[in-house]
Every structure is written in structure tokens, then in C-alpha cells.
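Heads up: the structure comes next, in C-alpha cells.
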């Protein structure tokens with residue numbers, strides 16, 4: 001799907017984020033290609049390495 005996660009850790013994190021979004025009145029999601037946002041891509045890779 002559009003917001004499919006590639007591995008189990010990302011699936012868990014994605015599901016948690018979707019659950020948390022229910023607590024907000026509104027939110028927006030914008031897809032930015034990795035090559036256009038390399039700093040965020042590096043931070044996401046570092047964050048995905050943590051055991052939560």
C-alpha cells in the first residue's frame with residue numbers, strides 16, 4: 001500500500017503512529033522522495049535502529 005512498511009520494526013512503529021494520530025484533531029502527511037530529503041532519511045535510519 002501507499003504507507004507500507006518494509007520490515008517488522010517499521011510495521012510496529014507505523015502502527016503506533018497511526019494509533020497516536022487518533023488523539024489529534026487533524027494531521028497531514030506529505031511524502032518527500034528520499035533523494036530530496038537525505039537528512040531526514042539518515043535520521044529515520046538511525047531511529048529505526050533503536051529497540052523500542
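The values are calculated or read from the model by the stated rules, or taken from the named source; none is laboratory data. Remember, predicted model here, so these are calculated numbers, not experimental data. We place every Cβ from the backbone using ideal geometry, glycine too, and count neighbours over all the protein chains shown.
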**Asked** Say we look at segment 13-39 and pick out the residues that are within 21 Å of residue 50 (Cβ to Cβ) and over 13 Å from the mean Cα position of the chain (by Cα); which of these is surrounded by the fewest Cβ atoms within 10 Å (Cβ to Cβ)?
**Response** 39
**Item:** Restricting segment 32-52 to residues that are touching a helix residue (DSSP H, G or I) at 6+ places or on another chain (Cβ under 8 Å) and either over 21 Å from residue 7 (Cα atoms) or part of a loop (DSSP other than H, G, I, E, B) (or both), the residue that is modelled with the lowest pLDDT
**Value:** 52
**Item:** Residue list for segment 1-31, restricted to those being at pLDDT below 80 and touching a helix residue (DSSP H, G or I) at 6+ places or on another chain (Cβ under 7 Å)
**Value:** 3, 5, 9, 10
